[in-house]
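Engineer: Here it is: the structure, laid out below.
Throughout, read-outs are computed from the coordinates displayed, never taken from laboratory work. This one's a predicted model, so the numbers in the text were calculated from it and none came from an experiment. Cβ sites come from the backbone with ideal geometry, for glycine too, and all protein chains shown count toward neighbours.
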Amino acid sequence: MSQKSLEAKYIPLNRDAGLSGYQALAERIIATPLGKVSLAANQFGLSHLSFLPGQDDDFTARQVTLIECDQEAQIKAQAHLEQAEDELAAYFAGQLTAFNVALAPVGTTFQHQVWQALLAHPFGDAASYSDIASAIDNPKAVRAVGSANGANRIAIIIPCHRIIGKDGALTGYAYGLTIKQQLLALEAKAVGC
């Protein structure tokens, strides 16, 4: 993916400028093969994608607070949700390897650098925190990269699940290692590994 196409679909809403980390205008819950997922969007793009815990899961739901908006902004947010739902259905069916829905996460400048590096990382290919730190030309920021990876609020599409230990071992994931392993297996199957 070229840098130009990445910029066209990624609107970095900057928390350093005072925006809330929970800025969303509309939300919907969808069913996926791995469980229910919450999607939220603002007028610029998808702002949240998180798994909802099932009965046997040991993670908690990430809360989304919706803010009020005018009808035009609500229509734009709903369109982003619809596109994300369609693309996720294709992803889980093994028919999509690159998402096109506009993204509008709220984060710090550094977090946006990490998230954009994750987006640029090839589908079906795992990386380590140090790989991502090198990709953003900050090889000593391995721990900060880990923290930014954990702060990602758009799971799957900003592929924080592709980050594994430098030794190849699975590392933590906000939604549990079982879901992480299933996402990695789904992508490996889609690319024929």
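Engineer: State the extension gain, in nm to one decimal, for the chain segment bounded by ASN100 and ALA169, taking 0.36 nm per residue of separation less the distance between their alpha-carbons.
Structural biologist: Details: separation 69, 0.36 × 69 = 24.84 nm, distance 2.98 nm.
Residue separation times 0.36 nm, minus the Cα-Cα distance, leaves 21.9 nm.
Engineer: Please list, short to long, the whole-number percent of alpha-carbon pairs of the range 137-193 in consecutive 5 angstrom bins beginning at zero.
Structural biologist: 4, 17, 26, 26, 15, 8, 3
Engineer: Separate question: Do any GluC sites (Glu not before Pro) in the range 49-152 lie in a loop, going by DSSP, with at most 12 other beta-carbon atoms within 10 Å of their beta carbon, and if so which? Present the calculation step by step, with values, prior to reporting the outcome.
Structural biologist: Values: sites: GLU68, GLU72, GLU82, GLU85, GLU87; in loops: GLU68.
Loop-located and lightly packed - GLU68.
Engineer: Under a cut-off of 15 Å between alpha-carbon atoms, report the aspartates and glutamates in cross-link reach of LYS180, not counting same-chain residues fewer than 8 places apart.
Structural biologist: Partners found: ASP57, ASP58, ASP125.
Engineer: Tell me, what is the percent relative contact order of the chain, built from C-alpha pairs under 8 Å that lie six or more residues apart?
Structural biologist: Numbers: 326 pairs, mean separation 44.0, N = 193.
Worked out over the chain, it gives 23 percent.
Engineer: Need one number: nm distance between label points at GLN181 and ASN138, each 7 Å from Cα along Cα→Cβ, rounded to one decimal.
Structural biologist: Taking the simple label geometry, GLN181 and ASN138 are separated by 3.3 nm.
Engineer: Shape call for the range 79-193 from the C-alpha gyration tensor, a ≥ b ≥ c root eigenvalues: rounded (a/c under 1.5), prolate (a/b greater than b/c) or oblate?
Structural biologist: On the way: a/c = 1.87, a/b = 1.25, b/c = 1.49.
Oblate.
Engineer: Figure the gain on full extension for GLN55 and CYS69 (residue separation times 0.36 nm, minus the Cα-Cα span) and round it to one decimal in nm.
Structural biologist: Values: separation 14, 0.36 × 14 = 5.04 nm, distance 3.39 nm.
Stretched out fully, the GLN55 to CYS69 stretch lengthens by 1.7 nm.
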